[in-house]
1. Would you mind finding the one in Pro166, Pro144 that is over 13 Å from the mean Cα position of the chain (by Cα) and touching a residue at least 60 places away in the same chain (Cβ under 8 Å)?
2. Checking the structure you have, find out if any residue of segment 235-250 is in contact with a strand residue (DSSP E or B) (Cβ under 8 Å, 6 or more places away or on another chain) and over 22 Å from Val15 (Cα atoms).
3. Of all residues in segment 175-204 being of a type in the set (Ser, Thr, Tyr) and assigned to a helix (DSSP H, G or I), which is surrounded by the most Cβ atoms within 10 Å (Cβ to Cβ)?
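No value in this document is a laboratory result; all are computed from the given coordinates. Just so you know, these numbers come straight off a predicted model, no measurement behind them. Glycine gets a Cβ as well: all are built from the backbone with ideal geometry, and neighbour counts include every protein chain shown.
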Amino acid sequence: MEMIRLSNGIETPLVGFGVFQIQDAEQCRQAVTDAIDVGYRRIDTAVLYNNEAAVGKAVREAIAAGKVTREEMFINTKLWTCDASYEGARKAYERSTERLGLDYLDMFMIHFPFGDVYGAWKALEELYAAGKVRAIAVSNFQVPKFTEFAEIVDVKPHVNQLEMHPFFARYDSIENMREYGTVPEAWGPLAEGKEGIFTHPVLTGIGEKYGKTAAQVALRWNVQRGVIVVPKTVHKERMVENISIFDFALTDEEMKQVDALDLGHSPIIDHNNPRVVKYFVHVKPEDLL
Ligand SMILES: NC(=O)c1ccc[n+]([C@@H]2O[C@H](COP(=O)([O-])OP(=O)(O)OC[C@H]3O[C@@H](n4cnc5c(N)ncnc54)[C@H](OP(=O)(O)O)[C@@H]3O)[C@@H](O)[C@H]2O)c1
C-alpha cells in the first residue's frame with residue numbers, strides 16, 4: 001500500500017475503506033474485518049453513519065487476533081453539525097472514542113462547514129496538542145469557505161475530504177488546499193455508481209490496456225494526482241479490486257482523458273442548494289437510523 005505524508009509528517013494510506021451506508025452492525029463489523037484481511041489499514045467512519053461501535057469492534061478484534069497493530073491502523077471519524085462548537089466537539093471526541101473503544105484517533109474531521117466550526121476547531125487543536133488525535137481535518141469545505149478557514153485557524157487542516165471522482169475533478173479545490181499544505185481526500189471516489197461509472201467507455205477502454213476495471217482506473221486517477229480515496233463496498237472481491245491499483249500507472253494522456261470527463265458539478269448532491277444546506281444543518285445521526 002502506498003502512503004501519503006501529511007503536513008505534520010505523519011503517513012496515511014492512499015486508499016482507505018469507507019463505511020457510509022453500512023448501518024447494520026454485524027454487516028459493518030464483517031465488512032471492516034474483510035477490509036482489514038485484504039489489506040486496508042485506513043477506515044473512514046463518522047458519527048452520522050451510526051456505525052462507530054461496529055468499526056471499533058472489528059478493529060479491536062483484528063488487533064487482538066494479531067492481524068494488525070493499532071499503530072498500523074489509521075482511523076478517521078467525523079463530528080456532526082450538532083456538535084460543531086467548542087464544548088460540543090470536546091464531548092463528541094469522548095463519545096466517538098468510547099464508541100470505537102480506542103484511546104486515540106488518527107484523524108478527527110469536521111464533517112460539514114456548518115455551526116460554530118471555529119469553536120470546534122479550537123477543541124480539535126487542543127486534542128491534537130494533547131496527543132489525543134494525530135491529525136485534524138475538515139470535510140465539504142469548498143474553496144471560499146476553506147480559504148477563509150485556513151487563513152484564520154492556527155493549525156491548518158491536514159486533510160479536506162470532498163466529493164471527487166472523474167465526473168467532479170475539482171482541480172481548483174486541490175490547488176487551493178495545497179497552498180495550505182492540506183492533503184485532498186475523495187469521498188464518493190466511485191461517484192456512488194452515478195454516470196454509469198462502472199461501464200463507462202473511456203474508463204473501461206483505458207482499463208483494458210492494463211487488465212483493470214473502470215473502478216480501478218477511476219481510483220488510480222485520483223491517487224495518481226495525490227488524492228486519498230476511501231471507496232465503500234460490502235463485497236470482499238470488490239474490496240480487493242479497489243485496493244489493487246498500485247501495479248499500474250496511467251500515462252499523462254490517459255490522465256487527461258479522465259480529466260475530460262469532468263462535469264464541473266456533482267452528479268450526486270448539490271451542496272450549494274439551500275434545501276440541501278438546511279437538511280444537513282438540521283439532520284441528526286439518529287434521524288438516519
Ligand atoms: N464527508 C462526506 O460528506 C462523505 C460523504 C459521502 C461519503 N463519504 C465517505 O466516502 C466513502 C465512499 O463514498 P460512498 O460510499 O458515498 O460512495 P463510493 O465509494 O463512490 O461508491 C460506493 C458504491 O459503489 C459500489 N462499489 C464499490 N466498489 C465497486 C466496484 N469495484 N465495482 C462495482 N461497484 C462497486 C458499492 O456497492 P457495494 O457496497 O454493493 O459493493 C456502492 O454502491 C463513504 O463510505 C464514506 O466513508 C464521506
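1. Going through Pro166, Pro144 in turn, the sole match is Pro166.
2. If we filter segment 235-250 for residues that are in contact with a strand residue (DSSP E or B) (Cβ under 8 Å, 6 or more places away or on another chain), which is where we start, we get 239, 242-243, 245.
Still in the running and over 22 Å from Val15 (Cα atoms): none.
So far as segment 235-250 goes, no, none of its residues is in contact with a strand residue (DSSP E or B) (Cβ under 8 Å, 6 or more places away or on another chain) and over 22 Å from Val15 (Cα atoms).
3. Keep residues of segment 175-204 that are of a type in the set (Ser, Thr, Tyr), which gives 180, 182, 199, 204.
Checking the rest, the ones that are also assigned to a helix (DSSP H, G or I) come to 199, 204.
Details: Thr199: 9, Thr204: 16.
Going through the qualifying residues, I end up with Thr204.
To keep it simple, each residue is scored yes or no on (1) under 29 Å from Ala84 (Cβ atoms); (2) within 11 Å of the ligand (Cβ to nearest atom); (3) in contact with an Asp or Glu (Cβ under 8 Å, 6 or more places away or on another chain).
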site: Gln21; (1), (2), (3): yes, yes, no
site: Asp24; (1), (2), (3): yes, no, no
site: Ala31; (1), (2), (3): yes, yes, no
site: Thr45; (1), (2), (3): yes, yes, yes
